[in-house]
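Right, one structure below, let's go through it.
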Amino acid sequence: MDRCVVLVDAGYLLGAAASLLAGEPSRSRITVDHAALIQALRERAESDTQQPLLRIYWFDGAPDRVPQPEHRRLRVMSRVTVRLGALTRSDGRWAQKGVDAAMHAELTELARNRACSDVVLVTGDGDLLPGLMSAKEHGVAVHLWAVQAADGDYNQSEDLVAEADERRVLDRAWITQAVRPKELGGVCAPPPVPRPEIAAILSAPLPDSALAAAAERSAEAAAQNGSAEHASAERHAPPKGVPTPKDLAALRAPGAAAAAPHPPNATLRWSSDKGWVDRPGTPSEPAEVASLPTLAQVTTAEQRWADREEDITTVGGDPYEVGQVFARRWLARLPDPAGRQKLSVLYPRIPHRIDGELLRYAARFGLLAHKDDQIDEHDRYAIRAGFWREIDVRTGAEAGVSAE
């Protein structure tokens, strides 16, 4: 069959591109325009082979083989098929499992069924040598593409290079059509705006009950480590670091009012990846806030379908962006616009029902630490920062309109 197929080892392509552009093979150091990359691969393949493209197979690893945001975008593109292997962590490093075996099987099957006349391999893995040789024996021309090596040397198996029918190098100019290095020192979310009431709480001295509890925790930790002397010394030491939620709750407990002045409207409430936590003595959530509907409750079936399409095709999965997208949809669909003002006065706390829904939405984009199925703490901060940023933008815009 006179047509070409492209098999891409994403780990090799993007890792080598990161080494070339950012100086290390970590894919977190680069930004990829996947639509532009797929188009460039297609044009280059058709030009080199002089055959129309049948399909691009994109092989990559993913934790538990769960598609990540980039995989969801890729698999809805024209003429693209995504094949996922496992991504496992060992000795602090991520490693792909099963990707080379999947590529070998696909290459062999395509050649055996005479599905194409030319195969383009974008890989450097020598484990594909048997599959390459099998494809040649079935009359398929094999084109091997390499990413320009950062050190000017080979970044492919020499046996693979020797057996290929045609060889090409994807140089820096070609790579930078779709791949850019990330700027160093960037942050995924802007620093939070200081809030006087929160600052007052955090700067207030802790009551005696909280000090005793902190000392008790220190003593227990020392005892578990088998250090009785350390426990004795720490029992009388003041607590260090930021007060825990339990310590903060003690500030509002009965009998602790004289410990330190704080605004009467300060609500000691905090959220986690499991939802909000309220300690004894903490005022309950205001009724007008607790009654705010969730995004699911104000979303129609048609909107839900459109949301999924947008998530697949345009939302990149950055934690800050995810928070913004969620807040934008929720605000646009609230039946009572006054709900935005009710919510803004609670900063930086999000009502527990909304917060839980926000984190479940973020989990769709692979923002989970797969060790314990919880969202990374830094990502949680970024998700909520994006949410509040969108709230500020919308409420600020409305205030400006009403002032006019």
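Please treat every number below as a calculation from the coordinates, not as lab data. Because the structure is a prediction, the values reported are computed rather than measured. Neighbour counts are summed over all protein chains in view; Cβ atoms, including those assigned to glycine, are modelled from backbone coordinates with ideal geometry.
Please sort 340-346, 359-365 by packing, taking for each peptide the average over its residues of neighbouring beta carbons within 10 angstrom, highest first. Let's see the in-between values first.
Values: 340-346: 15.3, 359-365: 20.0.
Highest to lowest by the protection proxy: 359-365, 340-346.
For region 29-120, with only Lys/Arg (+1) and Asp/Glu (-1) charged at the beta-carbon, what is the dipole magnitude about the Cα centre, in debye rounded to 20?
The dipole of region 29-120 has a size of about 260 debye.
Along the positive direction of the dipole of region 40-120 (beta-carbon charges: Lys, Arg +1; Asp, Glu -1; about the Cα centre), which of V119, L87, P69 reaches farthest?
Value: P69.
Based on the mean of other Cβ atoms within 10 Å per residue, sort peptides 117-129, 49-61 so the most packed one is first.
Per-residue Cβ counts within 10 Å, averaged per peptide and sorted highest first, yield 117-129, 49-61.
For region 323-337, take each phi angle, set θ = phi - 60°, evaluate the Karplus expression 6.51 cos²θ - 1.76 cosθ + 1.60, and give the result in whole Hz per residue in order, putting x for glycine and proline.
Going residue by residue, I get x, 5, 4, 4, 5, 4, 5, 5, 5, 5, 9, 4, x, 10, x Hz, with x marking Gly and Pro.
By per-residue mean of other Cβ atoms within 10 Å, what is the highest-first order of 64-73, 309-318? Can you show the working numbers first?
Working: 64-73: 17.5, 309-318: 14.9.
Top to bottom by mean Cβ count within 10 Å: 64-73, 309-318.
Taking the Cα centre of region 4-181 as origin, work out the dipole magnitude from +1 charges on Lys and Arg Cβ and -1 charges on Asp and Glu Cβ, in debye rounded to 20. Let's see the in-between values first.
Details: 21 positive and 25 negative charges, 171 e Å.
Roughly 820 debye, rounded to the nearest 20.
Using every Cα-Cα pair within region 4-181, state what percent have a distance larger than 24 Å.
32
Region 286-331: which chymotrypsin sites (Phe, Trp or Tyr not before Pro) are DSSP loop and have at most 10 other beta-carbon atoms within 10 angstrom?
The qualifying sites: there are none.
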